[in-house]
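Okay, structure first, notes after.
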Amino acid sequence: MTREKFNQIYHRAAERKGGESNLTKLLTMPLSNDQLRLIPDHRWLAEFTQKVFQCGIRWQVVRNKWPAFEEAFFQFDIEKMGLMPTEMWERKAQDATIIRDLKKVMTIPENANMIHRAALEYGSFAAMVADWPEQDIVGLWLYLKKHGCRLGGKTGAYSLRGLGKDTFLFTQDVEAYLRHTGVIDGGRDTLKSLRAAQDAFNHWQQQSGRPLTQISQIIAFSVGDNRV
């Protein structure tokens, strides 16, 4: 159970952002399930790879080099990723046009394999993501952590949000709010904390009818250093 009703959070966020109209402009809408199904599987691999490389460095550095990543890894074609021998991956990791990090480069074939296995079972990786219920979005986070490589913590969730899957995020402001209100009190990535956060967001979703993405954003706007 949550301490605050969602309308209390919403009105505080609107006040901090200069009114409901200004707040609305800041909110994003996730894709529909039909739209998610249209995303090719190689784009999921690209998104996972980008987020993996953004861990620990400025995101803009990776964005600036991203065209070189796309070229170096054949636009992340899943079949081609599966055909590349180890020596080729090692050579790719020394390419000066990308960020040279062998451990991160080697997540690409592993995550390509995860996507391929899901596609065999569900028809496409996108279909699996689209059909995964938002009421158990942390279950999808855990799937990515278990079956993927370096997709635990925030990386998997940010990847999902990046391509339009409805998910909340454990941003600094959201996590601080959940701790301050007693929703979570242990490690952020423990199963207990994940389930408690999911229950809270499901509760707010029932109250508001809004997607998890917007609920997460509104909570962040209601606290922290983001006043207008």
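Values computed for the structure shown
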{"item": "Phi-based couplings in Hz for the stretch 11-18 (Karplus 6.51, -1.76, 1.60; Gly and Pro marked x)", "result": "5, 5, 5, 4, 5, 5, 9, x"}
{"item": "Accessible carbon and sulfur surface of the chain relative to its total accessible area, %, 1.4 Å", "result": "51"}
{"item": "Listed residues L163, L83, L144 arranged by accessible area, highest first, probe 1.4 Å", "result": "L83, L163, L144"}
{"item": "Hits among aspartates and glutamates - C-alpha to C-alpha of K17 under 13 Å, sequence gap 8 or more where chains match", "result": "D225"}
{"item": "Debye, to nearest 20: dipole size of the stretch 34-163, +1 on Lys, Arg Cβ, -1 on Asp, Glu Cβ", "result": "580"}
{"item": "Paramagnetic reach from Q75 (point 7 Å along Cα→Cβ, amide N under 17 Å) across the stretch 81-112", "result": "81-82"}
{"item": "Karplus 3J(HN,Hα) series, Hz, for the stretch 171-183 with 6.51 cos²θ - 1.76 cosθ + 1.60 (x for Gly, Pro)", "result": "5, 4, 5, 5, 4, 4, 5, 4, 6, 4, 8, x, 5"}
{"item": "Note, ³J(HN,Hα) from phi for the stretch 82-99, Karplus 6.51, -1.76, 1.60, rounded to Hz, x at Gly and Pro", "result": "x, 9, 6, x, 4, 4, 5, 4, 5, 5, 4, 5, 9, 5, 5, 7, 10, 8"}
{"item": "Viscosity 0.692 mPa s, temperature 37 °C, Stokes-Einstein D of the chain from Kirkwood C-alpha radius, µm²/s", "result": "175"}
{"item": "All Cα pairs of the stretch 79-162, percent lying beyond 15 Å", "result": "63"}
{"item": "FRET E, pair L83, N33, Förster distance 22 Å, beta-carbon r, rounded to 0.05", "result": "0.10"}
{"item": "Relative contact order of the chain, pairs being alpha-carbon contacts under 8 Å that are 6 or more residues apart, as %", "result": "31"}
{"item": "Solvent-accessible area per residue for the stretch 1-156 (1.4 angstrom probe, square angstrom)", "result": "54"}
{"item": "Cα centre as origin, Lys/Arg/Asp/Glu Cβ charges: the chain dipole, Debye", "result": "620"}
{"item": "Calculated [θ] (222 nm, deg cm²/dmol) that DSSP helices of n ≥ 4 give over the chain, each run adding -39,500 (n - 2.57)", "result": "-19000 deg cm²/dmol"}
{"item": "Of K25/K154; K104/K145; K51/K146; K51/K103; K145/K165, pairs whose Cα-Cα distance is over 22 Å", "result": "K25/K154"}
{"item": "Angle in degrees between helix 191-208 and the longest Cα principal axis of the chain, rounded to the nearest 10", "result": "60"}
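The values are calculated or read from the model by the stated rules, or taken from the named source; none is laboratory data. No experiment lies behind these values; they were computed from the predicted model shown. Ideal geometry is used to build each Cβ from the backbone, glycine not excepted, and the neighbour counts take in all protein chains shown. Heavy atoms of the whole protein, side chains included, go into the accessibility calculation; ligands, DNA and RNA do not. Shrake-Rupley method; radii C 1.70, N 1.55, O 1.52, S 1.80 Å.
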